[in-house]
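*Asks:* I have a structure here, written as structure tokens, and I will follow up with some questions on it.
The values are calculated or read from the model by the stated rules, or taken from the named source; none is laboratory data. Everything numeric here is computed off the predicted structure, so don't read it as measured data. In this analysis, Cβ positions are derived from the backbone assuming ideal geometry, glycine residues included, and neighbour counts consider all displayed protein chains. Just so you know, the surface numbers come from the protein's heavy atoms only, side chains and all, with ligands and any DNA or RNA stripped out. Shrake-Rupley method; radii C 1.70, N 1.55, O 1.52, S 1.80 Å.
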Amino acid sequence: MAAPGFLSETPDDPELAAARAEPLRAPPSRGQWILGAVIGVCLLAYPLVFDQPYQQHVLIMIFIYALMAQGWNVLAGYCGQISLGQAVFFGIGAYSAAFLFSNFQISPWLGMAVGVVVSMVVALLIGIPTFRLKGHYFAIATLVIGEIAQTVFINWEYVGGATGIWIPIEWDAPWFAFQFHDSKLPYYYIGLGFLALACLCVYWLERSRTGLYFRAIREEPEAASSLGTDVTRYKLIAIMVSAAFTSVAGSLFTQYILVIDPETVFPLILSILVVLMTMMGGVGTLWGPIIGTAVLFPLSEMTRIYFGGSGGAEDLMIYGALILLISVFYPRGLIGLVHKVMGRGSHA
Amino acid sequence: MLDVAGLEVAYGDYQVIWDVSLHVAAGEIVSVLGPNGAGKSTVLNTISGLCRPKAGRITFKGERIDGLPPYEIVGRRLAHIMERRRVFPYLTVRQNLWLGGYNPSARKERAQTLDFVFELFPRLEERESQLAHSLSGGEQQMLALGRGLMARPELLLVDEPLLGLAPAVAADMMRILRQINETGVSILFIEQNVQTALSIADRGYVLEGGHLVLDGTAEELLASADVKRIFLGG
């Protein structure tokens, strides 16, 4: 057949090509650069100003949770696949670092890398069958997989069974052993560094073709497929990136707490918390998971102090009430409030 | 250009298409007609790879495409515009269009293709940075068509382009389909309104209950008593 009319005409006009540049996001404005720089400097200076261990502890925990929330955000916020089993990857990261160090004296840094690889492989193994499921069914499948993982680790004596792993204390080689007993500063800066790295990845993702595919899959998977997107492949990329972030968070957590067991690193509530934190801050936005975590984690600490650590779910009740309020007034999360204060419209 | 022979499609154990054969020659506009539930969309979905056939062969430009994943079929310049438009609501008009032109065979030329699409639908250019969900129904249909054209198709499958459109907009849409066809793109489209469909189609196929019951040129079908029976009963 003859080439269709519009296929044959090729006006090679560079100006036209520039005007039709990729419709991704505009680079950040000057105001955003300044704001980002100010926040960055504040975060770097924070532990020098607030030198009480508890003040630093709160921020370290926020970094770890925010890293995990950012991982969920990539998979669910951008790609639309609601996972309720993120604790699987957190646990794998935690156990990789702890197990390899306590049994084979392998540096937890390497353990962290192993955790990332294992998590990504597990993500593939989870994704290949479960991505055949749609919507709620995928969420339910991941929920069940999370519970199975916990049960497996409780009964797996080789990795400590229900009692978990106590990481041997190492005084002489803090950087090799990834243990810092004199100061929380290394944990603070390492946590901040990994969170910043994750945010850079998401920043890049928002401006990439991959990110556009993710959002297309989130909004209309069949249309995305009919337009030529290999939907399964991009979902698998999303879950693997998500698993990697979450696994690193798990390893950081282990090295910070130095004792882990299946109840701490594989609980369902952890999978739910990252969902709540991200939703509260703003799903599918770069800053949402961080804002959400920065609000919810201190809140839960405060309620625990105020109501005592009775094991009651007061903090969760307050979470629930807050999320209700936010979703009524700012359905896109706190980020909607931030945009309003900064005086610009929120964008998808 | 497109040849479908002995197509059978089933959802699980439930067969919905029996022995459907049809073809589209280069440059033609062909319509698939039939009442609700006749299996029209299933036929189109199977051609574009969204459904897998149980039996039969589909050849496009002389090569078999049945069983290929949808993204490979688009790459061979066969685009499918699904029923109910399926635009990406929270992406901009421009992002929607861009997503249509990412497959390797169309990527290099997408700036020119975008120009062509904007020429065809000036309204889309005016609204290129708006989110797709804020467009009217007619504009969304234009966007869906434009997005399909971004793949530089030689054959365009269009599923009920007039669904939910006001009569004046529907007439526009028919004119646009013809305009697209005049640039050399063959079209296979689904429509329930026989008169409207055959006003622009060269030929038509009538499906009923998953079977091909009738086919012919537009004139033959318009004159046929069977068509009246199928659509009006009696």
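Conditions (1) among the β-branched types (Val, Ile, Thr); (2) farther than 26 Å from A:Gly284 by Cα; (3) part of a helix (DSSP H, G or I), marked per residue:
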residue: A:Phe101; (1), (2), (3): no, yes, yes
residue: A:Val114; (1), (2), (3): yes, yes, yes
residue: A:Lys134; (1), (2), (3): no, no, no
residue: A:Leu143; (1), (2), (3): no, no, yes
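*Asks:* Quick one: how many residues across the stretch A:268-284 are open to solvent by less than 20 Å² (accessible area, probe 1.4 Å) and either in contact with an Asp or Glu (Cβ under 9 Å, 6 or more places away or on another chain) or not small (Gly, Ala, Ser) (or both)?
*Replies:* Selection size over the stretch A:268-284: 6.
*Asks:* Something else now. Being farther than 30 Å from A:Thr285 by Cα and not in a loop (DSSP other than H, G, I, E, B): is that true of B:Arg94 here?
*Replies:* No: the conditions fail for B:Arg94.
*Asks:* Examine the stretch B:119-129 for a residue that is basic (Lys, Arg), touching a residue at least 24 places away in the same chain (Cβ under 8 Å) and away from chain A (no Cβ under 11 Å), and state whether such a residue exists.
*Replies:* Within the stretch B:119-129, one or more residues are basic (Lys, Arg), touching a residue at least 24 places away in the same chain (Cβ under 8 Å) and away from chain A (no Cβ under 11 Å).
*Asks:* Sticking with this structure for a sec: Keeping to the stretch B:8-44, report how many residues are crowded, with 18+ Cβ neighbours inside 10 Å and in a loop (DSSP other than H, G, I, E, B).
*Replies:* 3
*Asks:* Could you list, in sequence order, the residues of the stretch B:194-220 that are over 20 Å from the mean Cα position of the chain (by Cα) and part of a helix (DSSP H, G or I)?
*Replies:* B:Glu219, B:Glu220
*Asks:* A:Gln56 - would you say it is away from chain B (no Cβ under 14 Å), touching a helix residue (DSSP H, G or I) at 6+ places or on another chain (Cβ under 6 Å) and either modelled with pLDDT of 50 or more or open to solvent by 70 Å² or more (accessible area, probe 1.4 Å) (or both)?
*Replies:* Yes, satisfied.
*Asks:* For the stretch B:184-204, name all the residues that are of a type outside the set (Lys, Arg), open to solvent by 30 Å² or more (accessible area, probe 1.4 Å) and either within 23 Å of B:Asn45 (Cα to Cα) or modelled with pLDDT of 95 or more (or both).
*Replies:* If the condition is that a residue be of a type outside the set (Lys, Arg), open to solvent by 30 Å² or more (accessible area, probe 1.4 Å) and either within 23 Å of B:Asn45 (Cα to Cα) or modelled with pLDDT of 95 or more (or both), then B:Gln192, B:Asn193, B:Thr196, B:Asp202 are the ones that fit.
*Asks:* Any chance you could count how many residues in the stretch B:100-142 are over 23 Å from A:Asp230 (Cα atoms) and either open to solvent by less than 30 Å² (accessible area, probe 1.4 Å) or part of a helix (DSSP H, G or I) (or both)?
*Replies:* 22
*Asks:* Okay, next question. Applying the selection to the stretch A:146-168, what residues are open to solvent by 60 Å² or more (accessible area, probe 1.4 Å) and polar (S, T, N, Q)?
*Replies:* Listed by number, the residues that qualify are A:Thr151, A:Asn155, A:Thr163.
*Asks:* Can you tell me which condition B:Thr59 does not meet? The list is (1) more than 7 Å from chain A (Cβ to nearest Cβ); (2) assigned to a loop (DSSP other than H, G, I, E, B), and all the others hold.
*Replies:* Single failed check for B:Thr59: (2).
*Asks:* Which pairs do you get when a residue that is within 25 Å of A:Thr163 (Cβ to Cβ), found in the stretch A:136-151, comes within reach of a residue that is of a type in the set (D, E, K, R) and open to solvent by 20 Å² or more (accessible area, probe 1.4 Å), reach meaning Cβ atoms under 9 angstrom, with the pair 6+ apart or on two chains?
*Replies:* A:Gln150/A:Glu263
*Asks:* For the list (1) under 21 Å from A:Ser119 (Cα atoms); (2) away from chain B (no Cβ under 11 Å); (3) in contact with a helix residue (DSSP H, G or I) (Cβ under 8 Å, 6 or more places away or on another chain), I need the number of the one condition that A:Leu299 fails.
*Replies:* (1)
*Asks:* Something else: Might you check whether a residue that is out of contact with any Cys (no Cβ under 7 Å at 6 or more places or on another chain), within 14 Å of chain A (Cβ to nearest Cβ) and at positive phi occurs anywhere in the stretch B:29-42?
*Replies:* Looking through the stretch B:29-42, none of the residues is out of contact with any Cys (no Cβ under 7 Å at 6 or more places or on another chain), within 14 Å of chain A (Cβ to nearest Cβ) and at positive phi.
*Asks:* In the stretch B:45-55, which residues are open to solvent by 30 Å² or more (accessible area, probe 1.4 Å) and small (Gly, Ala, Ser)?
*Replies:* B:Ala55
*Asks:* So is B:Ile47 more than 10 Å from chain A (Cβ to nearest Cβ) and among the aliphatic types (A, V, I, L, M) or not?
*Replies:* Here the answer is yes, as B:Ile47 does meet what is asked.
*Asks:* Pairs under 8 Å by beta carbon, first residue facing another protein chain (nearest Cβ under 7 Å) in the stretch A:207-228, partner charged (D, E, K, R) and open to solvent by less than 30 Å² (accessible area, probe 1.4 Å), six or more apart or different chains?
*Replies:* Filtered contacts from the stretch A:207-228: A:Leu227/B:Arg147.
*Asks:* With respect to B:Glu154, is the statement that it is within 9 Å of another protein chain (Cβ to nearest Cβ), modelled with pLDDT under 95 and either open to solvent by 10 Å² or more (accessible area, probe 1.4 Å) or over 20 Å from B:His80 (Cα atoms) (or both) true?
*Replies:* no
*Asks:* Out of the residues in the stretch A:227-252 meeting the condition of being of a type in the set (Gly, Ala, Ser) and either assigned to a loop (DSSP other than H, G, I, E, B) or open to solvent by 10 Å² or more (accessible area, probe 1.4 Å) (or both), tell me which one is modelled with the highest pLDDT.
*Replies:* So, considering only residues that are of a type in the set (Gly, Ala, Ser) and either assigned to a loop (DSSP other than H, G, I, E, B) or open to solvent by 10 Å² or more (accessible area, probe 1.4 Å) (or both), the one modelled with the highest pLDDT is A:Ala244.
*Asks:* If you don't mind, there's one more thing I want to ask. Among the residues that make up the stretch A:179-196, is at least one of them within 30 Å of B:Gln140 (Cβ to Cβ) and either in contact (Cβ under 8 Å) with a residue 12 or more places away in the chain or in a loop (DSSP other than H, G, I, E, B) (or both)?
*Replies:* For the stretch A:179-196, residues within 30 Å of B:Gln140 (Cβ to Cβ) and either in contact (Cβ under 8 Å) with a residue 12 or more places away in the chain or in a loop (DSSP other than H, G, I, E, B) (or both): absent.
*Asks:* A further question follows. Can you pull out every residue in the stretch A:207-224 that is of a type in the set (D, E, K, R), in a helix (DSSP H, G or I) and either out of contact with any helix residue (DSSP H, G or I) (no Cβ under 7 Å at 6 or more places or on another chain) or open to solvent by 30 Å² or more (accessible area, probe 1.4 Å) (or both)?
*Replies:* Selection gives A:Arg209, A:Arg218, A:Glu219, A:Glu222.
*Asks:* Here's a check for you: in the stretch B:62-89, which residue that is open to solvent by 30 Å² or more (accessible area, probe 1.4 Å) and in a strand (DSSP E or B) is farthest from the other protein chains (Cβ to nearest Cβ)?
*Replies:* Going through the qualifying residues, I end up with B:Arg64.
*Asks:* Is it the case that some residue within the stretch B:90-99 is within 15 Å of B:Asp3 (Cβ to Cβ), within 13 Å of chain A (Cβ to nearest Cβ) and surrounded by 15 or more Cβ atoms within 10 Å (Cβ to Cβ)?
*Replies:* The answer is no; no qualifying residue exists.
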